[in-house]
1. Can you give me the long-range amide H partners of Thr212? Hydrogens built in the peptide plane at 1.01 Å from N, cutoff under 5 Å, separation of 5 or more residues or another chain.
2. Hey, can you list the DSSP H helices of the chain whose Cα span along the axis is 18 Å or longer and whose average Kyte-Doolittle score is at least 0.0?
3. Using a/c under 1.5 as the rounded threshold, could you call the stretch 223-274 rounded, prolate or oblate? The axes a ≥ b ≥ c are square roots of the C-alpha gyration tensor eigenvalues, and prolate needs a/b larger than b/c, oblate otherwise.
4. Loop only by DSSP, 16 or fewer other Cβ within 10 Å of the Cβ. Give me the trypsin sites (Lys or Arg not before Pro) in the stretch 169-236 that pass, ordered by residue number.
5. Would you mind telling me the share, in percent, of accessible area of the chain contributed by carbon and sulfur at probe 1.4 angstrom?
6. With springs only between Cα atoms under 10 Å apart, run a GNM on the chain and tell me which of Ile43, Ile133, Ile248 wobbles the most.
7. Can you tell me which lysines have their Cα less than 19 Å from the Cα of Lys306? Leave out same-chain residues fewer than eight positions away.
8. Suppose only helical runs count, i.e. DSSP H with n ≥ 4. What mean residue ellipticity at 222 nm does that imply for the chain under -39500 (n - 2.57) per run, divided by all residues and rounded to the nearest 500 deg cm²/dmol?
Amino acid sequence: MLTVSNYHYIRENFDAPFLSIFGVTPKLFEKQLLLLKKTGTFIHPNDLISNPDKIIKSKQNYILITFDDGLKEQFELAKPILDQLKIPALFFVNSINHIEKKVSLVHKIHLLRSQMSPSKLLSTFAAAGPKFIIALSTLEKRKAILHYNYDNEESAYLKYILNFKLNIAEQSKLIDSIFDHFFNEKKVIETLYMAENQLTILAKEGMLGSHTHSHMALGLLEPELIEDELSKTKHYLKQLTNTNIVSISYPYGSIEACAKPVSELAQSLEYTIGFTMERGINTGDENKLLLKRFDCNDLPGGKNEKFFKDEYSFIYK
Ligand SMILES: [Zn+2]
């Protein structure tokens, strides 16, 4: 069987005027690796890629560590810990940050939300035109609170408006102009994302994968756009690192984000292993292009480990 633990931000300090960036400290990361070690054996991505059935159908619990979003802090803070413990991992990167030198929309939103209150951000939207004065109905407010149950009310409303009331073009238009006011995009690119030589090192170690070009929910796009998102990253990484990238992690990883024909198109573009964010341990019947993964918070040592401990108690040695 295969248990996958996924990480995003790894930093010493998550202090910001407003809480919007969540992740683990290097210390917690190391602690979790040591806890996970008690439940199974860490594997190298190449072992999974070369013989997925053997790994997934095994009675033994194999553990794969993955990182999404190609963040520099993952290379600089998490990789040294992994190297020291001799634990391999797989890092999924977006190519828009490198080809177009653009910050992904999702990160622009995280950064803006760390500097502005939800109400300030919403009033800034409203200033962009009457179309962007968005009031939620009572029902929508209730839905927002249910959907974003980890957030406070204000943040839940803001997220609901961004994700359910605005399309990507509208979101980009609004966010881009505010972002440029607060941040220098070139500087953010340099500090937030891995440098090309770091990508090359990961590729050499067989630890590099695709997180698509621009971090969109693929399942909501037209097939041609999905293909574009899948192939641009593959081409870019091939040119840069001279390696064939066959593993992919789908941005957001939800059922909608991975809906048909996402995995079929990934397969046709010669990806062989794909990861969603459907929680669970892979035991054999899964589509190799739609493997399950846990957020690190759901696993031993994480904030929400209780469910895992109840559900998968058999895994503890
Ligand atoms: Zn992501």
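1. Residues meeting the amide H criterion: Ser249.
2. Values: long enough: 168-182 (21 Å, 0.13); 223-241 (27 Å, -0.94).
In the chain, the long hydrophobic H runs are 168-182.
3. On the way: a/c = 2.01, a/b = 1.81, b/c = 1.11.
Note, shape of the stretch 223-274 comes out prolate.
4. Working: sites: Lys173, Lys186, Lys187, Lys204, Lys232, Lys234; in loops: none.
Passing both the DSSP loop test and the Cβ count: no residue.
5. On the way: 8350 of 15360 Å².
C and S atoms contribute 54 percent here.
6. Ile133
7. Here the lysines satisfying the reach criterion relative to Lys306 are Lys31, Lys37, Lys38, Lys292, Lys317.
8. Values: 15 runs with 139 residues, N = 317.
Result for the chain: -12500 deg cm²/dmol, rounded to the nearest 500.
The values are calculated or read from the model by the stated rules, or taken from the named source; none is laboratory data. Because the structure is a prediction, the values reported are computed rather than measured. Virtual Cβ from ideal backbone geometry, glycine too; neighbours counted across all protein chains shown. Calculation scope for accessible area: heavy atoms of the full protein, side chains included, ligands and nucleic acids excluded. Shrake-Rupley method; radii C 1.70, N 1.55, O 1.52, S 1.80 Å.
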